[in-house]
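Each reported figure results from applying straightforward, stated rules to the coordinates on display, with no laboratory input. Please read these numbers as outputs of a predicted model, since none were measured by experiment. Glycine also receives a Cβ, built like all others from the backbone with ideal geometry; neighbour counts cover every protein chain displayed.
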Amino acid sequence: IPVDPFDLVLFGATGDLARRKILPGLYRRFHDGQMPEEARIIGAARSDLNDESFRALVAEAIAEFVGGKRSDPKIIEAFLQRLSYVPVDARGTDGWQQLAEKMEPGRIRAFYLSVAPALFGDLAERLHQHGIADATSRIVLEKPFGRDLASARALNATLAAHFHESQIYRIDHYLGKETVQNLMAVRFANILFEPLWNSQYVDHVQITVAETVGVGGRGSYYDKSGAMRDMVQNHLMQLLCLIAMEPPYHFDPDAVRDEKLKVIRALDPIGPDDLVRGQYRAHQGEPGYLEDAENPASRTESYIALRVHVANWRWKGTPFYLRTGKRLRARASEIAITFKEPPHSIFDEAGGDWRENQLVIRLQPNEGMNLKVMIKEPGPGGMRLVQVPLDMSFAEALGENGADIPDAYERLIMDVIRGNQTLFMRGDEVEAAWAWTDPIIAGWEARGDRPQGYDPGSSGPEDALMLLHRDSRRWREIK
Ligand code: BG6
């Protein structure tokens, strides 16, 4: 279903994210008929391009990042005709008048600020000064939303000076991932899981976002951030919220976000025994973190594991173990819910390997679900039990529809145009997440903790294993 006609101004249109994700994503939506004929995308950046050279740049990006069944040159050309470009000085006056003249009255206006956060305030101010943005316009932003509570509050205040909260779309691209949205479908569209979804039946939850890439190329950003700020405060926190939250009364933006906020506010503080930080070392001629980050004295973590407690009626006593890191053995993101053993076994005399039920939701790659159940091992040898997987790959289960999973950005940009904020973070969520994160970081800084080294291609630092061993549990293998 096509969205309503819109003008989308993309600030930072020549940047890496625009080239890799945003523009190819917009093209895919256009190709699939979701963008009306009248829709226009206006690139804006400092570079001195014109419509033609901008289109050439986008054509290259499409060739590199789209391909497959969407490479029809006629459709690509039709998309390129939707594009134009205005050189704009975010902190000066150049280009703004020209941009103002480009905007057509009576359409949805969206401004995507794919730029350094230091420019958010300048752009917001100028959009208003020049009468380009109005009370119905939408503004789209990407993390980092500050680097602590104070800076996040300052940023929210700057935005609030020009835009109402209902106009602000803060992207956490994890919320745009189909499988992440599926967490809500699994929980709230099935009767099967929800009655067991509490500390009475759930032993513990593991949330893993493992990456094989290092930080090479973006070391200067990453070194000021680290895994806690780069991944936990936002992406892992969102996953935790979707797993732990109460059912919202409706799939409605504020109903969902209210419930997520309650989870963040219920998080217990984290002590030194609840976390392990790691940093990948140089290995077999490949650079370690210190070289990638170009800071030989860096104490920034490229890996973090945490034991988190959600202090509320539902979850009291069920730990959530979170881990994320770079240069690990595999790229694998998943959520594993391990249930408790049945209260009483009638199979005491039975042999076999008794294991708890476990529900694993694979977020990427090979998106799917795996429910581990106990059955009887076939054969005459008595009642031997064996654990088997009920395994489902979304691609297989959904056939063609499952194979063509849209990229997170495509979904989110279309939601901006539709005016649906469900999958975007509200300002108070961001602040609550920092309010929990800040003292954890302040704690390790005050203690002068150094991250523990780990080998690239491993599953992280040794101490992370201990975090679970101490609780008589173990991490799932990263593979
Ligand atoms: C980004 C982080 O937000 O998410 C990166 O800044 C990280 O460091 C990336 O690599 C992971 O996203 P995805 O979609 O590849 O899991």
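Between T212 and D48, what length comes free when the chain is fully extended (0.36 nm per residue of separation minus the Cα-Cα distance, one decimal in nm)?
On the way: separation 164, 0.36 × 164 = 59.04 nm, distance 3.63 nm.
Taking 0.36 nm per residue and subtracting the Cα distance, the gain is 55.4 nm.
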Requested in this report: Would you pull out the residues with amide H under 5 Å of G419's amide H, same chain only if 5 or more places away, H placed 1.01 Å from N?
Outcome: none
Query raised in the report: What number, in percent, do you get for the relative contact order of the chain if the mean sequence gap of Cα pairs under 8 Å and at least 6 apart is divided by its residue count?
Result: 17 percent
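Excluding G25 itself, calculate the net charge of residues whose Cβ lies under 10 Å from the Cβ of G25, where each Lys or Arg counts +1 and each Asp or Glu counts -1. Don't skip to the answer; put the middle values down first.
On the way: positive: R20, K21, R28, R29, R411; negative: D407, E410.
Counting the neighbours of G25, the net charge comes to +3.
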Report task. Would you calculate a helix-derived [θ] at 222 nm for the chain, using -39,500 (n - 2.57) for each DSSP H run of n ≥ 4 and dividing by the full residue count, to the nearest 500? Result -> -9000 deg cm²/dmol
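At a Förster distance of 41 Å, what's the computed FRET efficiency of S472 paired with T158, Cβ-Cβ distance as r, to 0.05? Intermediate values should be presented prior to the final figure.
Values: r = 48 Å, r/R0 = 1.18.
Plugging the Cβ-Cβ distance into 1/(1 + (r/R0)^6) gives 0.25.
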Query - Per-residue HN-Hα couplings for the stretch 297-306 [Karplus 6.51, -1.76, 1.60; θ = phi - 60°; Hz; x = Gly/Pro] - result: 9, 5, 10, 6, 8, 9, 8, 8, 10, 9
Query raised in the report: Looking at the square roots a ≥ b ≥ c of the eigenvalues of the Cα gyration tensor of the stretch 303-441, which shape do they give, rounded for a/c under 1.5, prolate if a/b is larger than b/c, or oblate?
Result: oblate
Report task. Assuming R0 = 56 Å, can you tell me the calculated FRET efficiency for the pair K102 and E286, based on Cβ-Cβ distance, to the nearest 0.05? Result -> 0.75
Report summary line: Counting only residues 5 or more apart in sequence or on a different chain, those whose built amide H sits under 5 Å from that of Y454 are Q279, Y280, R281
Query raised in the report: Tell me, what ³J(HN,Hα) does each residue in the stretch 118-130 have, in order and in whole Hz, if you take phi through Karplus 6.51 cos²θ - 1.76 cosθ + 1.60 with θ = phi - 60° and put x for Gly and Pro?
Result: 4, 9, 3, x, 4, 5, 4, 5, 5, 4, 7, 3, 8
Query - Cross-link pairs beyond the 22 Å C-alpha cut-off, checked among K69/K326; K143/K224; K143/K479; K316/K372; K262/K372 - result: K69/K326; K143/K479; K316/K372; K262/K372
Query raised in the report: Amide H to amide H, which residues 5 or more places from G288 or on other chains are under 5 Å from it, using H placed in the peptide plane?
Result: A282, H283
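Could you tell me which of rounded, prolate or oblate describes the stretch 375-479, using a ≥ b ≥ c as the square roots of the eigenvalues of the alpha-carbon gyration tensor, with rounded for a/c under 1.5 and, failing that, prolate when a/b is larger than b/c and oblate otherwise?
Values: a/c = 2.46, a/b = 1.12, b/c = 2.20.
Oblate shape, in that a/c is at least 1.5 and b/c is the bigger or equal ratio.
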